Structures are given as C-alpha cells and as structure tokens.
Ligand SMILES: [Zn+2]
C-alpha cells in the first residue's frame with residue numbers, strides 16, 4: 001500500500017521561522033496536489049520541550065550550528081525551534097492536514113534529538129511509527145518535507161532499515177544545505193531508495 005510520509009512541514013522550518021529552509025513554502029502546494037493519490041498519509045512533527053538540549057540557548061557560550069557531544073552523540077546546536085505548543089511548531093497553515101491519519105511527534109526527550117520520525121538519534125526509543133505503518137498494511141513509503149538533508153533523510157533511512165520500500169519525492173522537499181543533500185541522495189539510493197518526482201503520481 002502506497003503511503004505518503006510528510007516530515008516536519010512546520011512553521012519554524014519555513015522562511016520567516018526560527019530555523020528556516022530556503023524555499024520551504026514551495027513544497028506545500030506540491031504536497032497538497034499529490035496527497036489524494038495515496039492510500040494513507042501520516043505526518044511527523046518536531047515537538048521539543050523549551051529546555052531541549054539541541055538548542056544552543058541551553059548551553060553557556062554556545063552558538064547555533066556549533067557541534068557538541070550530547071550524552072555520547074554528536075549534536076549540532078540549533079536555534080530554539082518547534083517548541084511544544086508554539087506557533088512555530090504548528091503545521092504550515094496552507095498544508096491540507098485532512099488526509100493525515102496519524103501524527104508522530106519526535107524530539108520530546110530534552111536529552112536527545114530526533115531527526116527521524118521512527119526513532120531518536122541514538123535509536124534508544126521508538127515513536128511507534130513503524131509498528132503503526134505495518135499494522136495499517138503500508139509497504140511502499142514516499143517521503144517529503146523539511147529538511148530534505150536532515151529529517152527527511154534520516155526518516156527515510158530508518159524506513160529502509162525497518163524493511164519498507166522507500167522513495168524520496170524530490171520536488172516536495174527542500175534541503176538546509178545543498179552539499180549535504182547531494183551526499184544524502186547518494187546514501188539513500190545506495191541503500192535501495194528511489195528518487196521520484198511528484199508528477200509521477
Ligand atoms: Zn528539532
């Protein structure tokens with residue numbers, strides 16, 4: 001069964017948000033156009049407590065985009081973003097959320113970040129998304145959203161590990177860093193993911 005996974009289509013990742021991804025808003029009409037072609041649509045939502053340790057503001061004399069060791073894992077520090085209950089954490093208002101049947105929130109533990117919608121960055125705790133998708137009969141997953149080189153990438157890679165067929169809908173995603181994105185695409189395809197365009201549906 002064909003399933004669309006919308007990754008973090010939230011205000012803070014849009015131009016004008018706390019952690020903006022250039023041209024992020026352009027994906028919203030593309031997603032709205034293709035959603036109806038899928039038997040199932042789910043969303044992930046970055047959902048941090050205000051004291052999340054991925055925030056540079058939680059570390060003395062640290063700035064966003066510096067790297068630290070956080071509980072044994074390399075952690076990029078970010079500006080405060082997607083704080084639980086904030087406007088920045090809400091989905092883009094233009095995104096039609098009616099087709100989304102389940103939302104998987106991630107990044108809720110202040111001690112560990114979660115780029116993937118399946119598990120945290122240490123693979124310590126699952127969100128339950130893999131079990132949900134299996135129980136619903138999902139086999140082919142199509143990923144889109146923000147940021148293509150980080151949360152979409154890690155979610156897709158975990159989807160492959162979980163045994164799903166995975167594809168990346170390139171024009172329904174935007175990357176934070178173009179170079180990192182090129183590497184990410186190579187890694188995805190090397191592990192068996194397909195890269196497709198929205199007009200394929
Ligand atoms: Zn985050």
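The figures follow:
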item: Residues of the stretch 1-29 satisfying the condition of being more than 16 Å from the ligand (Cβ to nearest atom) and either closer than 22 Å to residue 74 by Cα or outside any strand (DSSP E or B) (or both); result: 1, 15, 16, 22, 23, 25, 26, 27, 28, 29
item: Residues of the stretch 146-201 that turn out to be in a loop (DSSP other than H, G, I, E, B) and either touching a strand residue (DSSP E or B) at 6+ places or on another chain (Cβ under 8 Å) or surrounded by fewer than 20 Cβ atoms within 10 Å (Cβ to Cβ) (or both), as a count; result: 11
item: Strands (runs of 3 or more DSSP E) contained entirely in the stretch 30-114, each with at least 1 residues that are more than 16 Å from the ligand (Cβ to nearest atom) and touching a helix residue (DSSP H, G or I) at 6+ places or on another chain (Cβ under 9 Å); result: 40-46, 100-106
item: Test for residue 128: is it more than 12 Å from the ligand (Cβ to nearest atom) and either over 19 Å from residue 17 (Cβ atoms) or crowded, with 20+ Cβ neighbours inside 10 Å (or both); result: yes
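Residue by residue, here is whether (1) at positive phi; (2) in contact (Cβ under 8 Å) with a residue 24 or more places away in the chain; (3) under 18 Å from the mean Cα position of the chain (by Cα) holds:
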{"residue": "8", "(1), (2), (3)": "yes, yes, yes"}
{"residue": "15", "(1), (2), (3)": "no, no, yes"}
{"residue": "22", "(1), (2), (3)": "no, yes, yes"}
{"residue": "52", "(1), (2), (3)": "no, yes, yes"}
{"residue": "62", "(1), (2), (3)": "no, no, no"}
{"residue": "76", "(1), (2), (3)": "no, no, yes"}
{"residue": "80", "(1), (2), (3)": "no, yes, yes"}
{"residue": "87", "(1), (2), (3)": "no, yes, yes"}
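Each value in this text was obtained by applying a stated rule to the coordinates, not by laboratory testing. Please read these numbers as outputs of a predicted model, since none were measured by experiment. All Cβ positions, even for glycine, are placed from backbone atoms using ideal geometry, and neighbour counts span all protein chains on display.
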